[in-house]
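Novice: This is the structure I have questions about; it appears just below.
The values are calculated or read from the model by the stated rules, or taken from the named source; none is laboratory data. These figures come from a predicted structure and were not determined experimentally. Cβ coordinates were reconstructed from backbone atoms using ideal geometry, including for glycine residues, and neighbour counts include every protein chain displayed.
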Amino acid sequence: MNVRVSIRKSINWRPRVHTALVLCATSVISLAAQTLTTLHSFSGADGETASQLVQGLDGNLYGTTYKGGANGYGTIFKITTAGALTTLYSFCSQSGCTDGENPAAALVQALDGDFYGTASAGGAGSHGTVFKVTPSGVLTTLYSFCAQGPPCTDGSTPYSALVRTTNGDLYGTTYEDTVFKITTGGALTTLYTFCSQIQCTDGAYPYAGLVQGTNGDFYGTTYGGGIIVCYQGCGTIFSITQSGTLATLYDFCPGEQSCPDGENPSAGLVQATNGDFYGASYWGGSNQNGTIFEITAGGAESTLHTFCSQGCADGSHPSGLSLADGNLYGTTLFSGAHDGGTIFSISEFGSLTTLYNFCSQSACADGKNPEVPPIQATDGTFYGTTNAGGASGYGTVYSLSLGLGPFVSTLPGFGKVAEGVEILGTDLTGATSVSFNGTAAAFKVVSSTEIRTTVPAGATTGKVQVVTPTGRLSSSVDFIVLP
């Protein structure tokens, strides 16, 4: 396979030719309560084209930029919710860029406080890396793909974020063309290589990362492969066990040239409390501008929304989903009222509301072309990034207030009895109790934004609650107690 240009590198890329969403307590969104604030405009020197954000244990937000920084090959940054940005690391700081180049995905934080991520290029093999970085910016390269030279049997070009399991291992994908497991010490195991079947009917090009289902298996999408209707396939949805047994759950565009169900999913999946998974296809749908879909763990797929169904006022080319307050949230890369993309919410039943149209300000000072969905931080506000726009045209970090209240979240979101859990929140100092679905747990307040606890005996799946001097905070999603 030839390495193809990523969607992140060229937002006009269209690699196909036809041949024939984090759930919180349910609330009602008030359109009048929406306020978007540009927290930071990238200048290039401090980065360009930022990833999805992640909230750290310290309450700050962390992310990567694909380009820019001191050496032009991307950065790792920290930004406060008030907008004060610190560049923690600039890639290609080592000779030959052995520390990596062009990080494209969000970071994931482990219980030890360090972050883990991927760089899509560079490293000892020049085909990407897996790295660890401390909150202060000390970077360690854990693994370099294709370090032994072609053929890159261990994979190449990791564009996606990693996912951490309860045992501490990390799982991810490479665009060329694998699913892998890696320990925090850097020992990598290739679990599956796509295109192992004739004409890549098992899928190809897993651009997005994985999500771990409540049954312990992983679920994901491939941009290409599957039934050959589109050029190099229309994409698939798959499940894979922790030991590497893969099952194709769904082939997009199964025998229909118009692809009303969507095609080429470039984003990962999210699992809602009903057990179903939700995702977005970049192309396809009745208007060929992408879809939002739902799929059961057994592979029954349904289309919830087709974009450009309102003359493209609803946006085009969705960029993935996050989960919050009983709804799915996402962005579209293009269209909307000012052709700068949108932020939207959509219910599990397909009712879509456009929350914000980018380029609403002169010269798109509010940002343009958001390629990743926003996340909801524990203060109740949403935070996200755009690819372009802002004061210098290199993208922005923004906040979007919908009038939602604070909550707590857990790291990780599931675990067994006696396993450690970090609780993230705001104003946690002085907390008097912690409970898992009503079962009290021993805990230690580490800081105003972090509580350390363990899953108590007798706990069942449900909300985690923390009682503080100012009130009771509930988790945004059910904590899953594993057997």
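Novice: So which residues in the stretch 434-454 are under 15 Å from residue 424 (Cα atoms), of a type in the set (A, V, I, L, M) and surrounded by fewer than 20 Cβ atoms within 10 Å (Cβ to Cβ)?
Specialist: Within the stretch 434-454, 445, 446 meet the criteria.
Novice: I'm trying to understand the selection: among the residues of the stretch 131-143, which are surrounded by fewer than 24 Cβ atoms within 10 Å (Cβ to Cβ) and in a strand (DSSP E or B)?
Specialist: 132, 133, 139, 140, 141, 142, 143
Novice: Another question about this same structure. Output the number of residues of the stretch 403-424 satisfying the condition of being surrounded by fewer than 23 Cβ atoms within 10 Å (Cβ to Cβ) and assigned to a loop (DSSP other than H, G, I, E, B).
Specialist: Number of matching residues: 10.
Novice: I need the full set of residues from the stretch 455-479 which are of a type in the set (Val, Ile, Thr), outside any loop (DSSP other than H, G, I, E, B) and surrounded by 18 or more Cβ atoms within 10 Å (Cβ to Cβ), in order please.
Specialist: Applying the first criterion (of a type in the set (Val, Ile, Thr)) to the stretch 455-479 yields 455, 460-461, 464, 466-468, 470, 477.
Retained after the next criterion (residues that are outside any loop (DSSP other than H, G, I, E, B)): 464, 466-468.
Those that are of a type in the set (Val, Ile, Thr), outside any loop (DSSP other than H, G, I, E, B) and surrounded by 18 or more Cβ atoms within 10 Å (Cβ to Cβ): 464, 466, 468.
Novice: Please state which one of 436, 443, 407, 414 is aromatic (Phe, Trp, Tyr) and modelled with pLDDT under 95.
Specialist: Unique residue meeting the criteria: 414.
Novice: Might you check whether a residue that is of a type in the set (A, V, I, L, M, F, W, C), within 21 Å of the chain's Cα centre (by Cα), in the same structural domain as residue 378 (by TED's automatic domain parsing) and surrounded by fewer than 19 Cβ atoms within 10 Å (Cβ to Cβ) occurs anywhere in the stretch 109-123? Full working, then the answer.
Specialist: At the first step, the residues of the stretch 109-123 found to be of a type in the set (A, V, I, L, M, F, W, C) are 110-111, 115, 119, 121.
Now restrict to residues that are within 21 Å of the chain's Cα centre (by Cα): 110-111, 115, 119, 121.
This time we only want the ones that are in the same structural domain as residue 378 (by TED's automatic domain parsing), so: 110-111, 115, 119, 121.
Pick out the ones that are also surrounded by fewer than 19 Cβ atoms within 10 Å (Cβ to Cβ) and you get 110-111.
Checking the stretch 109-123: at least one residue is of a type in the set (A, V, I, L, M, F, W, C), within 21 Å of the chain's Cα centre (by Cα), in the same structural domain as residue 378 (by TED's automatic domain parsing) and surrounded by fewer than 19 Cβ atoms within 10 Å (Cβ to Cβ).
Novice: Further question: Among residues belonging to the stretch 301-321 that are modelled with pLDDT of 95 or more, of a type in the set (Gly, Ala, Ser) and part of a strand (DSSP E or B), point out the one that is farthest from residue 55 (Cα to Cα).
Specialist: Step by step, filter the stretch 301-321, then rank; the result is 302.
Novice: Checking residue 219 against (1) of a type outside the set (A, V, I, L, M, F, W, C); (2) over 28 Å from residue 479 (Cα atoms); (3) surrounded by fewer than 24 Cβ atoms within 10 Å (Cβ to Cβ); (4) at pLDDT 95 or above, which test does it fail?
Specialist: Unmet for residue 219, out of (1) of a type outside the set (A, V, I, L, M, F, W, C); (2) over 28 Å from residue 479 (Cα atoms); (3) surrounded by fewer than 24 Cβ atoms within 10 Å (Cβ to Cβ); (4) at pLDDT 95 or above: (2).
Novice: Working only within the stretch 193-210, note down all residues that are assigned to a loop (DSSP other than H, G, I, E, B) and either over 20 Å from the mean Cα position of the chain (by Cα) or outside the structural domain of residue 175 (by TED's automatic domain parsing) (or both).
Specialist: Residues satisfying the conditions are 194, 195, 196, 197, 201, 202, 203.
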